[in-house]
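Heads up: the structure comes next, in structure tokens.
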Amino acid sequence: MHLPEDHEDRGMGTPVIYTIVAVSFCILIILAVVFFSNSRQNNLNPSGKTQAQVSPSPTPEIEMEFAQGQEDIESLYRENKLRAEDLDFWDMYQDEKPVVTAEPSTSPTPEPSHEPTEEELAADGMHVKITHRDGEEEWVEISEDIPLYTYDFTNLKISGGKMAYYLDGEKQSFLGVDLSKNSGQVNFETLKSSGVDFVMLRLGSRGYESGLITLDENFVSNITAAQEAGLEVGVTFFSQAVNEAEAVEEAVFVANNLIPYKISYPVAFIMEYIANDDARIDFLDVEEKTQIAETFLSEIEKSGHRPILYGSTNWLLGELLPEELLSDYDVLLNDQASIPDYPYQFRMWRYATDQSIAGVENNAAYVISFVDYTRK
């Protein structure tokens, strides 16, 4: 026996079942598509490589930015028809290192070494050439610590071998004659009347071989006659001292022999090599010769007389230490050049040798003094 409800359930069950099955199948298909799509999206990076090849995984934010950037680039490709090589400039900045501009060097660039020529040394006004005893020449630098001479040699006038120096039209010099026993007999009255103001008389010398000190044979007669004629007198001593003790001995000898006389001009210290012969001083070095000269000059000064250092340019600059002497003592320069090469101050100048001088038996030498020693 069938109930009414049974007939109704049987009649409507089959369509419902089909509908449910169809919907379920569609849902399964949709789920499958979604799952497959997500699975593929997770296994591929933006460049198409598998996830196993990319590590680490980007965060969602980075994925979004990257995807947006990819869309922008793809849009540029589509809209502007760009090629890959058109975007090469992006790579220009990836490996480029910052350019560092080098600061200019502040240190001076060393100048190449240059050996000055003879012409350059002669023209620079800072060197003077000397010749040593062995003939070797040397350019000596002029010291800034020693006073230079200030004479204007255009103001020199020479007449008959007699030199005079003028300033503003007035004579500013004094004429002398250098004398010794080698000069022979001298008429000092004739010298005085010819315009000579003073004489430098050889007082004595030390033998360059024997080492003995001797008085010049004509000294006493010469100084007596010179002073009687009204000439001013200075003296010279030829030294061959080889140490300070001998220098003191020589200075004492000079001072003792001047006791009877009053002289106004200086006592000159002369030390020179002997031409074509050996001498006692040949083995002395520059320091030793300098010390001997300084000792003699200082001892003369102590005795109450004015000392003066005699010498040529070669001797003063090559055989002595100029800084030790030239700033402290007057110089009597022995130089026959028309204009001396000697750069430093000198007070007297033995400028002409082997001169035939009226009143002198043999040839003698003229001396000019730029200082009136009678007033000093």
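The values are calculated or read from the model by the stated rules, or taken from the named source; none is laboratory data. Bear in mind the structure is a predicted one, so any value in this text is a computation, not a measurement. Don't worry about glycine lacking a Cβ; one is built from the backbone with ideal geometry, like all the others, and counts go over all protein chains shown.
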Conditions (1) more than 24 Å from D152 (Cβ to Cβ); (2) surrounded by 21 or more Cβ atoms within 10 Å (Cβ to Cβ): number failed by G304: (2)
Residues within region 152-181 that are within 14 Å of I357 (Cβ to Cβ) and of a type outside the set (V, I, T), tallied: 10
Pair list, Cβ < 6 Å and 6+ apart or interchain, from region 112-127 residues that are within 20 Å of N314 (Cβ to Cβ) to residues that are modelled with pLDDT of 85 or more and part of a loop (DSSP other than H, G, I, E, B): M126/I142
Residue match in region 270-293 (condition: on the phi > 0 side of the Ramachandran plot and without any contact (Cβ under 8 Å) to a residue 60 or more places away in the chain): yes
Contacts under 7 angstrom Cβ, first residue in region 308-324 being buried (at least 19 other Cβ atoms within 10 Å of the Cβ), partner modelled with pLDDT under 95 and in a helix (DSSP H, G or I), 6 or more apart: L309/L325; L316/P322
Region 172-204: number of residues that are surrounded by fewer than 20 Cβ atoms within 10 Å (Cβ to Cβ) and among the hydroxyl-bearing types (S, T, Y): 3
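Given the criterion assigned by TED's automatic domain parsing to the domain that holds N362, out of contact with any strand residue (DSSP E or B) (no Cβ under 7 Å at 6 or more places or on another chain) and among the hydroxyl-bearing types (S, T, Y), identify the matching residue among Y208, Y265. Quick ask: steps written out before the conclusion?
Working: Y265 fails: out of contact with any strand residue (DSSP E or B) (no Cβ under 7 Å at 6 or more places or on another chain).
It is Y208.
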Every residue from region 120-141 that is in a loop (DSSP other than H, G, I, E, B) and either of a type in the set (K, R) or under 18 Å from the mean Cα position of the chain (by Cα) (or both): D124, G125, M126, R133
The listed residue being of a type outside the set (D, E, K, R), farther than 16 Å from Q355 by Cβ and in contact (Cβ under 8 Å) with a residue 40 or more places away in the chain, out of G184, G230, G234: G234
Residues of region 271-298 satisfying the condition of being of a type in the set (A, V, I, L, M), buried (at least 18 other Cβ atoms within 10 Å of the Cβ) and closer than 14 Å to L316 by Cα: M271, I292, A293
Unique residue being more than 17 Å from L179 (Cα to Cα), acidic (D, E) and more than 24 Å from the chain's Cα centre (by Cα) when the list is D372, D354: D372
Number of the condition not met by I339 [criteria: (1) touching a helix residue (DSSP H, G or I) at 6+ places or on another chain (Cβ under 6 Å); (2) over 24 Å from N187 (Cβ atoms); (3) buried (at least 21 other Cβ atoms within 10 Å of the Cβ)]: (3)
Contacts under 9 angstrom Cβ, first residue in region 189-206 being within 26 Å of A251 (Cα to Cα), partner basic (K, R), 6 or more apart: M200/R350; R202/K181; R206/R280
Within region 317-376, tally of residues that are under 21 Å from I130 (Cα atoms), at pLDDT 95 or above and acidic (D, E): 3
Cross-chain or 6+ apart pairs with Cβ under 6 Å, region 142-164 first and outside any loop (DSSP other than H, G, I, E, B), then surrounded by fewer than 16 Cβ atoms within 10 Å (Cβ to Cβ): F153/I339; N155/Y166; A164/K157; A164/K171
